[in-house]
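The next block holds one structure in the form of structure tokens; read it before the comments.
The values are calculated or read from the model by the stated rules, or taken from the named source; none is laboratory data. Source: prediction; values computed, not measured. Neighbour counts run over all protein chains shown; Cβ positions are idealised from the backbone, glycine included. Surface areas here come from the heavy atoms of the whole protein model, side chains and all, with no ligands, DNA or RNA. Shrake-Rupley method; radii C 1.70, N 1.55, O 1.52, S 1.80 Å.
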Amino acid sequence: VAVTVPEGAKVGSVVAVQGPMGPAQVAVPSGAAPGQVIQVVMPVAPVAQPLTGLGALSAFLGTASKVEVNQKILWAEALTGGCCEQQNIFDVKLDGRDGPHVLTAKEKSTCGDRVCCKPHHSFLLHISPAYNTDEVIMTLERKGCACTKCCWSPKPCLGCFTCADCCTEEVIVHSGRVDGTPGEIDAPAPLAVIRQPQQCCASGGCTPTVHFYDQLAGKEKDAGDLPLSTTTGPTCFGGCSELCFESAFYLNTAGGAESVAIRHLTPRDCGEICKAFCTDSDNYAVEFGPNATPETKAQAIATAFVLDTMFFEIDQGMCHYDVADKAIVITCCLCFCYGCLCPCECRLHLNNNNGAPPSAENAVGAPPAADAPPAPETIVRDEPTAAEQPRA
């Protein structure tokens, strides 16, 4: 099969190509330059598939047993403490952070929604090959809060107790590139939907849960239909606990088999420690079990992006200063409770001396200062004076 090396591809880059059996992975060989045609030997089959959707995503993952998702540091957002919100960018690499960079995911959202509504804002996430970000193979449509619509947003109550549909997370998975306003896109036949169940007043309310439903028919699934996969996580995560403990979310297929582990990674060096303290950028390891199918791998990658949006996109998540309370707030962890993230935190209150210790003369039990006015004398009398004697 003749394959043209795409623009931007380097030696060793993994390129997805359309072969007789469908999408396949090809590594750019040494000496090949962009625009050059190389010959690749592939087995022959009569059926071919398009390079979009979950099938294309799984083709880029190939036979890898582990994938790492790295969220890029956005410097304007980091230097302003989250005041200048930027659109997130993720890199997907095979076999760890030093492995081949195969996919890139870029957020598309409005500045007003990011500043006013993050992390519950609406956005589109375009997933594309690393060598060509204009060739989008899949789009995630996150229905959330909109700055200009307030209570009329697609999901105005995200982050509250999940007692109604307006409070639950919902992400639509589309094939190829889709543009428009999230919540108002009328694309034909979406591939799938990732949905958070209503957990208020239900069992398992302290376990973060998301379902992955099949949407090939282009119709909403009934509540009684079984999801293709279910991902559950720990009750407590985030905050300063990220420095010491990994947060593991497990994806189980419809048959109940645990096939994928999605881990929020702890910092591995000084640079990642600074990244964890100063930004909301995170790293994830997606580990595929031996029974994971290509479709399950694609579901896990899409779910990893949703988990980051739901639970780990909090600015100043570890430590910040509360101006109203005049206290330094240290968030130990976040506890999931029926859809809400309840912070477990410590507060270090500052006194009126802007953090300085009290002066010696103002300390409790200290003697009066030398220039202090004398205290008024108290006269104690045992007998009444003549003026106070009763008259005969």
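If you check ALA324, ALA285, ALA276, ALA302 for being free of Cβ contacts under 8 Å to residues at least 60 places away in the same chain and open to solvent by less than 70 Å² (accessible area, probe 1.4 Å), only one passes: ALA276.
Out of THR303, THR331, THR385, report the one residue that is modelled with pLDDT under 60, among the polar types (S, T, N, Q) and out of contact with any Lys or Arg (no Cβ under 7 Å at 6 or more places or on another chain). Only one candidate passes the filter, namely THR385.
Quick check: anything in the stretch 137-158 of a type in the set (Val, Ile, Thr), at pLDDT 90 or above and either closer than 17 Å to MET310 by Cα or touching a helix residue (DSSP H, G or I) at 6+ places or on another chain (Cβ under 6 Å) (or both)? Within the stretch 137-158, one or more residues are of a type in the set (Val, Ile, Thr), at pLDDT 90 or above and either closer than 17 Å to MET310 by Cα or touching a helix residue (DSSP H, G or I) at 6+ places or on another chain (Cβ under 6 Å) (or both). Only a single criterion out of (1) closer than 25 Å to GLY239 by Cβ; (2) open to solvent by 30 Å² or more (accessible area, probe 1.4 Å); (3) modelled with pLDDT of 90 or more is not satisfied by ASN252, namely (1). Of the residues screened, SER259 is one that is at pLDDT below 90 and among the hydroxyl-bearing types (Ser, Thr, Tyr). With respect to the conditions (1) open to solvent by 20 Å² or more (accessible area, probe 1.4 Å); (2) farther than 29 Å from CYS145 by Cα, MET310 falls short on a single one, namely (2).
The set of residues in the stretch 116-159 being assigned to a loop (DSSP other than H, G, I, E, B) and hydroxyl-bearing (Ser, Thr, Tyr) consists of SER122, TYR131, THR133, THR148, SER153. The residues of the stretch 160-184 that are assigned to a loop (DSSP other than H, G, I, E, B) and open to solvent by 30 Å² or more (accessible area, probe 1.4 Å), listed by number, are CYS160, PHE161, CYS163, ALA164, ARG177, ASP179, GLY180, THR181, GLY183, GLU184. Taking the listed residues ASP269, ASP308, ASP280, the one that is among the acidic types (Asp, Glu), at negative phi and modelled with pLDDT under 85 is ASP280, with no other qualifying.
Residues that are modelled with pLDDT under 90 and not hydroxyl-bearing (Ser, Thr, Tyr) occur at least once in the stretch 171-183. Remark: pairs (first residue in the stretch 189-210, within 17 Å of ILE262 (Cα to Cα); second residue open to solvent by 40 Å² or more (accessible area, probe 1.4 Å) and of a type outside the set (Lys, Arg); Cβ separation under 8 Å; 6+ apart in sequence or on different chains) = THR207/THR232; THR207/THR235; PRO208/THR232; PRO208/THR235; THR209/THR232. In this structure, ALA187 qualifies as over 16 Å from THR309 (Cα atoms), modelled with pLDDT under 85 and open to solvent by less than 40 Å² (accessible area, probe 1.4 Å). Residues considered: SER58, SER128, SER30. Of these, the only one that is among the small types (Gly, Ala, Ser), open to solvent by 70 Å² or more (accessible area, probe 1.4 Å) and either farther than 30 Å from ALA189 by Cβ or at pLDDT 85 or above (or both) is SER30. Within the stretch 203-210, the presence of at least one residue that is surrounded by 15 or more Cβ atoms within 10 Å (Cβ to Cβ), at pLDDT 90 or above, closer than 26 Å to ALA248 by Cβ and β-branched (Val, Ile, Thr) is confirmed. Has the stretch 73-87 got any residue that is closer than 24 Å to ALA298 by Cβ, of a type outside the set (A, V, I, L, M) and buried (at least 17 other Cβ atoms within 10 Å of the Cβ)? No - not one qualifying residue is present in the stretch 73-87. Against the conditions (1) in a strand (DSSP E or B); (2) polar (S, T, N, Q); (3) open to solvent by 20 Å² or more (accessible area, probe 1.4 Å), ASN291 satisfies every one except (1). Would the stretch 102-113 turn up any residue that is surrounded by fewer than 17 Cβ atoms within 10 Å (Cβ to Cβ), at pLDDT below 85, within 30 Å of TRP152 (Cα to Cα) and of a type in the set (A, V, I, L, M, F, W, C)? Looking through the stretch 102-113, none of the residues is surrounded by fewer than 17 Cβ atoms within 10 Å (Cβ to Cβ), at pLDDT below 85, within 30 Å of TRP152 (Cα to Cα) and of a type in the set (A, V, I, L, M, F, W, C). Test PHE123 against the criterion of being closer than 18 Å to GLU85 by Cβ and touching a strand residue (DSSP E or B) at 6+ places or on another chain (Cβ under 6 Å), and give yes or no. Judged against the criteria, PHE123 is a match.
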